[in-house]
1. Only one of VAL43, VAL36 is part of a helix (DSSP H, G or I), open to solvent by 80 Å² or more (accessible area, probe 1.4 Å), modelled with pLDDT of 65 or more and closer than 30 Å to ASN116 by Cβ; which?
2. Out of all the residues in the stretch 46-65, which are under 26 Å from MET106 (Cα atoms) and surrounded by fewer than 10 Cβ atoms within 10 Å (Cβ to Cβ)?
3. Please enumerate the residues belonging to the stretch 52-65 that are within 16 Å of SER115 (Cβ to Cβ) and not in a loop (DSSP other than H, G, I, E, B).
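The values are calculated or read from the model by the stated rules, or taken from the named source; none is laboratory data. The structure presented is a predicted model; accordingly, all values stated were derived computationally and were not measured. Because the Cβ atoms are built from the backbone with ideal geometry, glycine has one as well, and the counts that use them run over all protein chains shown. These accessible areas exclude ligands, DNA and RNA; they are computed on the full protein's heavy atoms, side chains included. Shrake-Rupley method; radii C 1.70, N 1.55, O 1.52, S 1.80 Å.
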Amino acid sequence: MKTSAVEMSCDSLATVCSGANCLIPPSNFNAVLSLVMSTVLTVMLAFVMFAMGCTVEASKLWSHVKKPWGIVIGFLCQFGIMPFTAFALSLAFGVLPVQAIVVIIMGCCPGGSSSNIICYWLDGDMDL
């Protein structure tokens, strides 16, 4: 009977080796990539929002303060029509009460940077 020896070796990255049992440290590539991506995206978003803020003209802003109809209409739409629409959609789709509250809160939240970017692309009134 012929026996053959099987060579048992661990990976070069293994920290603890005991025969066939090797302990290899977990890769943190995804964690590092996530941190880098979130940092880069945050800086880019801040730069874009700052650049769009630089397009605001003081004279147009002052004219909106003097005649605040645009501000009033925007306020009524943001805190009147949008929450009512969210409430109506919650009733129409029959969601749970907790989910309905979340939908209504999201209906009150402004669109954020994406609406500003679209407004800028369409030559909208960035001052308003």
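1. It is VAL43.
2. Listed by number, the list holds a single entry, PHE50.
3. Those that are within 16 Å of SER115 (Cβ to Cβ) and not in a loop (DSSP other than H, G, I, E, B): MET52, GLY53.
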